[in-house]
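Enquirer: Dropping the structure in here first, questions after.
The values are calculated or read from the model by the stated rules, or taken from the named source; none is laboratory data. Model, not experiment: these values are computed from the prediction. Ligands, DNA and RNA are stripped out before the accessible areas are found, and what is left, the full protein with its side chains, is counted by its heavy atoms. Shrake-Rupley method; radii C 1.70, N 1.55, O 1.52, S 1.80 Å.
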Amino acid sequence: MMFLLAKNALSSLKIRNIQQIMARQSHVKRSLDFHDKYGDAVLASGTTFCVVAWVFLTTQMGIEWNPSPVGRVTPIEWNDE
């Protein structure tokens, strides 16, 4: 009996209507935020910047990237003293 009273009391509070309103609002197209407007452009420009920076670093800075010493290093004679 208490269960039926509680059920009727809750249904009189129109919980279903609140749930329906929330469901309708979740399907409404919201306005675009910063990430929706500019997210792809920011990602593309950041990727481009990083690629250009690494290409410049690896080709123009004159850094030797761990070359192999084979053929350039000659061993010296061993001295047993």
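Enquirer: Whenever you get a sec, line up Met1, Met61 from highest to lowest accessible area (probe 1.4 Å, protein heavy atoms). Working shown, then result.
Expert: On the way: Met1 165, Met61 105 Å².
The residues order as Met1, Met61, largest area first.
Enquirer: Considering only protein heavy atoms, what is the solvent-accessible area of Phe34 at a probe of 1.4 Å, reported in Å² to the nearest 10?
Expert: Accessible area, nearest 10 Å²: 120 Å².
Enquirer: I would also like to ask the following. Stretched out fully, how many nm does the piece from Ile76 to Leu5 gain, at 0.36 nm a residue minus the Cα gap?
Expert: 15.6 nm
Enquirer: With a 1.4 Å probe and all protein chains kept in place, how do Ser68, Ser31 rank by accessible area, largest first?
Expert: Descending accessible area places them as Ser31, Ser68.
Enquirer: Taking a 1.4 Å probe, which of Ile63, Ile76 shows the most accessible area, and what order do the others take after it?
Expert: Largest accessible area first, the list is Ile76, Ile63.
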